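What follows is a short report on a single structure.
The values are calculated or read from the model by the stated rules, or taken from the named source; none is laboratory data. Owing to the predicted nature of the structure, the values given are computational and were not obtained by experimental measurement. Virtual Cβ from ideal backbone geometry, glycine too; neighbours counted across all protein chains shown.
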Amino acid sequence: MQLNAISRLGNSGLSAIIDLGRMGTYLFQMIVGCFRLPFRFSELIRQMHFIGVGSLTVIFFTAASTGMVLGLQGYYSLHKYGAEGMLGSAVALTLIMELGPVLTALMVAGRAGSAMCAELGIMRISEQIDALDCMAVDSFRYLISPKLLATIISVPILTVLFDVVGIAGGYVAGVHLMGVNPGSYIDGMQKSVTNHDILLGAVKSFVFALLIVWICTGRGYFVHMIKGTGFGARSVSKVTTQAVVYSSISVLVFDYLLTAILL
């Protein structure tokens, strides 16, 4: 009984190491595929429209609600100490350095990341990717690299939009609803936000975008090699769930690591 348990533990460890090595090689091939010609610019534009434009609605409403909640809660906390004038600073810094990149990445992972994983998973189990390989078509250049570039371009832009809408939402909640002086809100924000804060948010959004596209497309691309996922439609559903969960956890983990390193 003990030997069986040790054997299962060893097999799980070996599977994890093999999967990690496979994903590392996959990341390298993704990046190399971006430099192989001819590049599919039409596919890049299509993916940017799907990831970026398609996510505008959920990003807008998430940012607006987050900013307004920050404005209300920030006012409640700062009012106790007579520091309502710092509301703009608190809202802007919280959004730019933390909530903007993280929530944008989580929304994109749930909406676009799951779709990319399911698309590649279906192509794999229906042998469409194998057909591309048989025709000597580079599947990374053809399928993966446009998704990589589109995600890296779209997520930082969506993060900027999230920050702007969130700050505006905080302004509405703090100034128009709670009566904070509009000049002190804007002045506090301008004085407290530095280039380093903006750079930290930009670096986070870039890293999160890379994590999302790497994990989500990788889960779908290797659906036939992932242990314990079953076959057919069931395997695609399981790896899609894995992709969203793993990418979300990775975003949260790397958020802490980047904050600890760069702050």
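Quick notes on this structure:
- Matching helices (runs of 4 or more DSSP H) fully within segment 1-119 where at least 2 residues are within 24 Å of Gln190 (Cβ to Cβ): 56-79, 87-94, 100-108
- Residue that is surrounded by fewer than 20 Cβ atoms within 10 Å (Cβ to Cβ) and at pLDDT 90 or above, where the choices are Leu177, Leu211, Leu199: Leu199
- Matching residues, segment 56-93, being under 17 Å from Pro156 (Cα atoms) and of a type in the set (Phe, Trp, Tyr): Phe60
- The residues on offer are Ile51, Ile45, Ile96, Ile59, and the sole one that is modelled with pLDDT of 90 or more and surrounded by fewer than 17 Cβ atoms within 10 Å (Cβ to Cβ) is Ile45.
- Filtered residues of segment 16-28 (kept if touching a residue at least 40 places away in the same chain (Cβ under 8 Å) and either among the small types (Gly, Ala, Ser) or over 16 Å from Ile152 (Cα atoms) (or both)): Asp19, Arg22, Met23, Tyr26
- Long-range neighbours under 6 Å by Cβ, at least six apart or interchain, first residue in contact (Cβ under 8 Å) with a residue 12 or more places away in the chain and under 9 Å from Glu84 (Cα atoms) within segment 177-190, second surrounded by 14 or more Cβ atoms within 10 Å (Cβ to Cβ) and of a type in the set (Val, Ile, Thr): Tyr185/Val175
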